[in-house]
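Here's the structure we're looking at; comments come further down.
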Amino acid sequence: MSAPRRRTRAFLLAGILVALLIAGVGSYYASSSPDGLEATAAEQGFDSTARDSATAGSPLADYATAGIDSARLSGGLAGVVGVLLVLALAGGLVMVVRRRDDRAAVPTRD
């Protein structure tokens, strides 16, 4: 493996580890106040009209992990799972696009 390729891999791995660290540990220090939309709705007096979304019962709803009693652990785990899901989706998209580009680069015979 060439040196530039090793550096790129090391950089990507470091970025992933930092993202996981921020998601898992940084959530410990996150504000427990409502987000901007909820705070504005409460300030303007229409927060009582809010309805749950279709995904309100999902395992990672409301920045928490279902079945985990500790709020801090639940939030950290939800953050880590979110980072891993985004990484998997982005990686899959990159693989599909690369494969499509590889096919387009192959010369065809007429």
**Residue ID - farthest from L21 (Cα to Cα), chosen from residues in segment 49-69 that are among the polar types (S, T, N, Q) and modelled with pLDDT of 90 or more** = T49
**Message:** Tally up the residues in segment 62-82 that are in a helix (DSSP H, G or I) and open to solvent by 60 Å² or more (accessible area, probe 1.4 Å), please.
**Reply:** 6
**Asked** Which one is farthest from S70 (Cα to Cα), of the residues in segment 31-41 that are open to solvent by 60 Å² or more (accessible area, probe 1.4 Å) and assigned to a helix (DSSP H, G or I)?
**Response** T40
**Request:** Restricting attention to segment 67-83, report how many residues are over 16 Å from A30 (Cα atoms) and free of Cβ contacts under 8 Å to residues at least 12 places away in the same chain.
**Result:** 3
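For segment 7-16, indicate whether the set of residues that are in contact (Cβ under 8 Å) with a residue 12 or more places away in the chain and either part of a helix (DSSP H, G or I) or small (G, A, S) (or both) is non-empty.
Yes, some residue in segment 7-16 is in contact (Cβ under 8 Å) with a residue 12 or more places away in the chain and either part of a helix (DSSP H, G or I) or small (G, A, S) (or both).
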**Asked** In the set A50, A30, A56, A41, which member is touching a residue at least 40 places away in the same chain (Cβ under 8 Å) and in contact with a helix residue (DSSP H, G or I) (Cβ under 8 Å, 6 or more places away or on another chain)?
**Response** A30
**Request:** Only residues that are open to solvent by 80 Å² or more (accessible area, probe 1.4 Å) and either at pLDDT below 85 or of a type outside the set (V, I, T) (or both): list them for segment 83-104, please.
**Result:** L84, L85, L89, L93, M95, R98, R99, R100, D101, D102, R103, A104
**Prompt:** Is it true that some residue in segment 42-52 is of a type in the set (S, T, Y), on the phi < 0 side of the Ramachandran plot and loosely packed, with under 10 Cβ neighbours inside 10 Å?
**Reply:** yes
**Complete:** Residue hits (segment 5-30; open to solvent by 90 Å² or more (accessible area, probe 1.4 Å) and within 22 Å of S70 (Cα to Cα)) are L21, I22, Y28, Y29
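The values are calculated or read from the model by the stated rules, or taken from the named source; none is laboratory data. For clarity, every value in this text was computed on a predicted model and none was experimentally measured. Positions of Cβ are backbone-derived with ideal geometry, glycine not excepted, and every protein chain shown enters the neighbour counts. Just the protein is used for accessible areas: all its heavy atoms, side chains included, with ligands, DNA and RNA removed. Shrake-Rupley method; radii C 1.70, N 1.55, O 1.52, S 1.80 Å.
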